[in-house]
1. Modelling each spin label as a point 7 Å along the Cα-to-Cβ direction, I'd like the Ala77/Glu105 distance in nm, to one decimal.
2. For a bin width of 10 Å, list the pair-distance distribution of the stretch 145-233 built from all Cα-Cα distances, rounded to whole %.
3. Using the structure shown, list the pairs from Lys88/Lys237; Lys120/Lys155; Lys120/Lys228; Lys79/Lys155; Lys84/Lys228; Lys120/Lys239 with a Cα-Cα distance above 23 Å, or answer none.
4. In whole Hz, what ³J(HN,Hα) sequence does the stretch 43-52 give by Karplus (6.51, -1.76, 1.60; θ = phi - 60°), x for Gly and Pro?
5. So if the hydrodynamic radius of the stretch 191-232 is defined as the Kirkwood radius over C-alpha pairs, what does Stokes-Einstein give as its diffusion coefficient at 4 °C and 1.567 mPa s, in µm² per second?
6. Would you mind getting me the FRET efficiency between Glu133 and Thr96? Use the beta-carbon distance for r and R0 = 41 Å, nearest 0.05.
7. Hand me the chymotrypsin sites (Phe, Trp or Tyr not before Pro) from the stretch 149-200 located in a DSSP loop with no more than 13 other Cβ atoms within 10 Å, in residue order please.
8. Which semi-axis lengths, in whole Å and largest first, follow from the square roots of five times the eigenvalues of the Cα gyration tensor of the chain?
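Every read-out reported here was derived from the displayed coordinates using simple, explicitly stated rules and does not represent laboratory data. From a predicted model like this one, the values you see are computed outputs, not experimental measurements. Heads up, the Cβs are rebuilt from the backbone with ideal geometry, glycines too, and the neighbour counts pull from every protein chain shown.
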Amino acid sequence: MFKLIVLLGLVSLCIAAPSGRVVNGTDARIEDYPWMASLHIWAGHNCGGSIISDRWILSAAHCDASTIEVGTDRWNAGKKIAVKRWIKHENYNPSTLENDIAVVELAEPIEFAYNMQPVKLPEPYYEVPGSYETRAYLTGFGFEQSGGNVQSRLKEAELFVVSNEECSQIHYSTVYQSMLCAGIREGGRGQCSGDSGGPLVVNGVQVGVVSWSVKPCAIGPYPGVYTKVSHFVPWIKAKTGMA
């Protein structure tokens with residue numbers, strides 16, 4: 001079966017205040033997801049990310065940004081900090097999307113507050129139970145549908161983790177062990193363009209980084225595919241110096 005991989009971060013950028021929502025998401029409060037970051041390029045939202053320390057953001061290798069915005073659930077209304085350095089995984093493969101992960105160093109530290117806090121990282125190589133057993137939450141400012149608009153409000157979507165074996169069968173292609181899948185069986189809810197690099201969390205722990213999906217966005221029965229954070233915790237700590 002033909003599969004169109006969508007590199008979610010490579011999108012047309014909206015400079016004016018945009019509208020819309022994550023595919024069938026609902027309004028989210030930054031107090032509930034204080035680690036959420038918006039990655040900007042040319043003053044427009046490009047990708048998502050998450051705060052992992054006062055100087056570092058976690059995102060996807062296929063993304064890019066010159067400025068990070070944090071501390072807000074409304075697009076273009078938060079604290080903006082310039083990017084000092086972008087470190088993409090040295091084994092990132094743009095053909096297979098393996099190792100689609102990056103850490104972004106900020107030019108100045110984040111002053112933590114109720115709306116700006118680091119997300120918890122999982123234990124190294126922890127495996128999240130799949131087969132639609134585990135509830136996970138995606139947040140982002142991405143398109144509400146294929147060909148749609150970046151959002152003015154942060155959105156959240158409740159999804160379910162799908163085992164790699166089942167996900168590979170659904171996609172008729174290899175979903176590597178360093179990847180994680182999440183969606184709903186009937187489709188209609190999930191990630192879209194502009195959500196790349198954003199966090200997927202389970203019980204407040206970030207288990208995934210938005211990587212790729214089949215287009216049109218959130219079409220059933222294809223789950224979205226994420227970089228599995230637990231497989232990269234040692235790499236993250238080595239690159240950032242985090243304890």
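1. 3.4 nm
2. So the P(r) values, bin by bin, are 18, 54, 26, 3.
3. Over 23 Å apart, Cα to Cα: Lys84/Lys228.
4. Values per residue, Gly and Pro as x: 6, x, 5, 10, 8, x, x, 9, 6, 10 Hz.
5. The estimated diffusion coefficient comes to 121 µm²/s.
6. It comes out at approximately 0.95.
7. Passing both the DSSP loop test and the Cβ count: Tyr172.
8. 24, 20, 16
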